[in-house]
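Worksheet: the structure to be examined is printed underneath.
The values are calculated or read from the model by the stated rules, or taken from the named source; none is laboratory data. In this text the structure is predicted, and so the values were computed from the model without any measurement. Side chains included, ligands, DNA and RNA excluded: accessible areas come from the protein's heavy atoms. Shrake-Rupley method; radii C 1.70, N 1.55, O 1.52, S 1.80 Å.
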Amino acid sequence: GIASTSDEASSVLPLASALYGPVPAQLEQTDSFVAQLQELLAVRRDYRIYAARQIDVPETANPGLLVMVHNLVDGLGVQITALNFGAQPIEEEIVIPTPAPGKVMDMLTGEIEGQINARGGLTITLNGYAGKSLLWTETGA
């Protein structure tokens with residue numbers, strides 16, 4: 001059909017507005033939704049997360065916390081996805097199945113996020129409605 005120039009669709013519903021703004025403008029802003037999505041997809045591609053094998057979904061004390069652990073292909077390490085579906089911040093120690101203790105890096109920032117101890121314990125700290133993608137490697141991230 002032909003696009004209407006009116007402010008209402010033919011069904012008398014108001015036309016939808018873009019939630020985040022035009023994509024080209026978002027790509028120019030590093031804190032925009034599209035720029036952050038582009039960064040996430042680059043990490044997914046670079047570490048081949050799409051080909052990883054899930055090895056654990058550890059139990060958590062907080063019902064809003066979901067942790068998934070994946071073995072990355074070609075010895076790239078162990079990837080840990082931590083998601084807080086609740087409004088309140090979370091700090092909880094989770095046991096992660098890695099071959100050895102070592103540092104864990106935030107895959108988006110490159111900063112060291114924590115340490116897996118000799119028992120496999122890793123403290124997960126998340127703000128409300130937040131998530132992190134973490135990486136453990138034999139070389140210590």
**Q.** MRE, 222 nm, helices only [DSSP H, n ≥ 4, -39500 (n - 2.57), over the chain, to nearest 500]
**A.** -4000 deg cm²/dmol
Q) So, with a 1.4 angstrom probe, what is the percent of accessible area on the range 17-60 that is carbon and sulfur? A) 53 percent
Q | Solvent-accessible area per residue for the chain (1.4 angstrom probe, square angstrom) | A | 65 Å²
Q) Which percent of Cα-Cα pairs in the range 53-128 sits in each 10 Å bin, short to long? A) 19, 55, 25, 2
Q) What is the helix-to-structure angle for 33-46, meaning the angle in degrees between its Cα long axis and the longest Cα principal axis of the chain, kept from 0 to 90 and rounded to the nearest 10? A) 40 degrees
